[in-house]
Amino acid sequence: MINTEAAVLTAVGEPLEITTIQVDDPEPTEVRVAVSNVGLCHSDLHYMTGTVHTGLPVVVGHEVAGVVEAVGSAVTGLRPGDRVVGALTPSCGRCVNCEAGRATQCQRVAEIRHRPRPAFQLPGGRPVERLGDIGAFSRHILMRDNALVKVPDEVPLHLGCLLSCCIITGVGAVFRGARVRPGSTVAVIGCGGVGSAIIQGARLAGASAIVAIDLDEARLEASRSYGATHVVNGGVEDVATEIRNVLGDGVDYSFEAVGSARTAATALAVLRPTGTACLVGIAPDGTELRLPASDFFFGEKRLIGSYMGSGQVHRDITQLAQLYLQGRLLLDEMVTQVIPFGEINKGFEAMRSGDVTRVVVDLEQ
Ligand SMILES: NC(=O)c1ccc[n+]([C@@H]2O[C@H](COP(=O)([O-])OP(=O)(O)OC[C@H]3O[C@@H](n4cnc5c(N)ncnc54)[C@H](O)[C@@H]3O)[C@@H](O)[C@H]2O)c1
Ligand SMILES: [Zn+2]
Ligand SMILES: [Zn+2]
């Protein structure tokens, strides 16, 4: 067991508090990672503000990169010093979903995540929960070996951490979730970290038009640099009408990257007949959708969802790192602010402002 510093959430709606916690020794298939960088994802904010339930106290944070520090007795593929990116979706590789290439729906994930003792605890012995069994806002974390992916030395870790959540989620939703075809038209609702990655995925897929929709002018401006060909401010214009003005009967694919029933309904409304809407944003617990049934039977529209890129973490993160090195996936542009760990609460404030696409915390500072 080692002592480290972590940003702990003790009550919903309160700021994170940096305090000492104890990190258990790695189990046979676990790895202890010295965390270098973590991106601030809106999913962290959902737990912090209570829109999604969590046990308390908890360490949130999951968009993580760092360096392997110690490995469990059964770990063969990683060793101390390896530079790694973490994934929220460990998998068994053997259940029907894993065998079908749908590892984000591994049936044995609860079993895999189970460990005999708490990974984190307060000095008095009180267990501390971890978001997604990661809890990345800690200078040291424990992760299952197969949820860690090595990245090339040329990928800086303050950018590499984005591959772990917003990039794999957004690009995966395009390629593996909706399977966007070259030449098709795309709308993206919500242009934060995840939406910007969806826009980049649509560009990589060869979309002929990409419409970015947000309420924030700065986010809309940035979306053009990621590949948006049109922008619509959803707070000023009626999104479905505006898209029809520009693209006739609507788009072939739409992506919802906000997390609300209203924007999910917009995603369906902006489609042309036969189009596919893909829900990526995480809506508050208990959210239900009300949608016009005729869109499905007369309009032959499809509604799908995508979680963490719907795919294979190792292959996808490795390929995404290559796309970055080739200059085809923009990461430097997405991270214009790297803040010291001590300023993490200010980082969450900045995330709401729209001036940056992704705020990243440096845990080595
Ligand atoms: N499915 C998954 O695997 C997955 C993974 C990561 C994040 N998420 C979820 O995706 C969502 C986006 O995450 P993020 O980190 O990019 O968030 P973010 O805060 O960086 O971006 C959200 C964006 O949505 C915009 N927005 C808010 N309300 C809007 C509206 N009514 N219309 C248009 N735009 C609006 C905001 O201005 C902001 O630019 C969150 O709900 C998050 O929890 C899902
Ligand atoms: Zn995330
Ligand atoms: Zn499985």
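Would you call residue 265 touching a residue at least 24 places away in the same chain (Cβ under 8 Å), part of a helix (DSSP H, G or I) and either touching a Pro at 6+ places or on another chain (Cβ under 9 Å) or outside the structural domain of residue 289 (by TED's automatic domain parsing) (or both)?
Criteria met by residue 265.
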Taking region 136-155 and keeping only residues that are within 17 Å of residue 1 (Cβ to Cβ) and surrounded by 23 or more Cβ atoms within 10 Å (Cβ to Cβ), one is left with 138, 141, 142, 143
Return yes when residue 291 is part of a loop (DSSP other than H, G, I, E, B) and either out of contact with any helix residue (DSSP H, G or I) (no Cβ under 9 Å at 6 or more places or on another chain) or more than 21 Å from residue 184 (Cβ to Cβ) (or both) and no when it is not. yes
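Among the listed residues 264, 257, which satisfies the condition of being of a type outside the set (Asp, Glu), at pLDDT 95 or above, within 18 Å of residue 353 (Cα to Cα) and buried (at least 20 other Cβ atoms within 10 Å of the Cβ)?
None of the others qualify; the one that does is 257.
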Name the residue that is nearest to the chain's Cα centre (by Cα), counting only residues in region 40-91 that are away from ligand 2 (no atom under 16 Å from the Cβ), surrounded by 17 or more Cβ atoms within 10 Å (Cβ to Cβ) and outside any strand (DSSP E or B). 91
If I ask for residues that are among the small types (Gly, Ala, Ser), out of contact with any helix residue (DSSP H, G or I) (no Cβ under 8 Å at 6 or more places or on another chain) and either assigned to a helix (DSSP H, G or I) or at pLDDT below 95 (or both), which ones from region 309-352 would you list? 342, 347, 350
Is it the case that some residue within region 88-101 is away from ligand 3 (no atom under 11 Å from the Cβ) and charged (D, E, K, R)? no
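Here is a yes/no grid of residues against (1) farther than 23 Å from residue 329 by Cβ; (2) among the aliphatic types (A, V, I, L, M); (3) more than 21 Å from the chain's Cα centre (by Cα):
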| position | (1), (2), (3) |
| --- | --- |
| 230 | no, no, yes |
| 233 | yes, no, yes |
| 239 | yes, yes, yes |
| 257 | no, yes, no |
Taking region 163-198 and keeping residues of a type in the set (A, V, I, L, M), within 6 Å of ligand 1 (Cβ to nearest atom) and out of contact with any strand residue (DSSP E or B) (no Cβ under 8 Å at 6 or more places or on another chain) leaves 194
Name the residue that is farthest from ligand 3 (Cβ to nearest atom), counting only residues in region 102-144 that are closer than 22 Å to residue 68 by Cβ and small (Gly, Ala, Ser). 138
Could you list, in sequence order, the residues of region 269-281 that are out of contact with any helix residue (DSSP H, G or I) (no Cβ under 6 Å at 6 or more places or on another chain), closer than 21 Å to residue 170 by Cβ and not small (Gly, Ala, Ser)? 271
Residue hits (region 224-262; part of a strand (DSSP E or B) and touching a Leu at 6+ places or on another chain (Cβ under 7 Å)) are 231, 233, 251, 254, 256
Using beta carbons and a limit of 9 Å, which pairs, at least six apart or on different chains, have the first residue in region 193-220 and within 15 Å of residue 357 (Cβ to Cβ) and part of a loop (DSSP other than H, G, I, E, B) and the second one within 16 Å of ligand 3 (Cβ to nearest atom) and of a type in the set (D, E, K, R)? none
Looking at the structure I just gave you, is residue 35 touching a helix residue (DSSP H, G or I) at 6+ places or on another chain (Cβ under 6 Å), in a strand (DSSP E or B) and surrounded by 17 or more Cβ atoms within 10 Å (Cβ to Cβ)? no
Do we find a residue being hydroxyl-bearing (Ser, Thr, Tyr), loosely packed, with under 13 Cβ neighbours inside 10 Å and assigned by TED's automatic domain parsing to the domain that holds residue 193 anywhere in region 341-353? no
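The values are calculated or read from the model by the stated rules, or taken from the named source; none is laboratory data. Bear in mind that the values here come from a model prediction, so they are computed numbers and not experimental data. We place every Cβ from the backbone using ideal geometry, glycine too, and count neighbours over all the protein chains shown.
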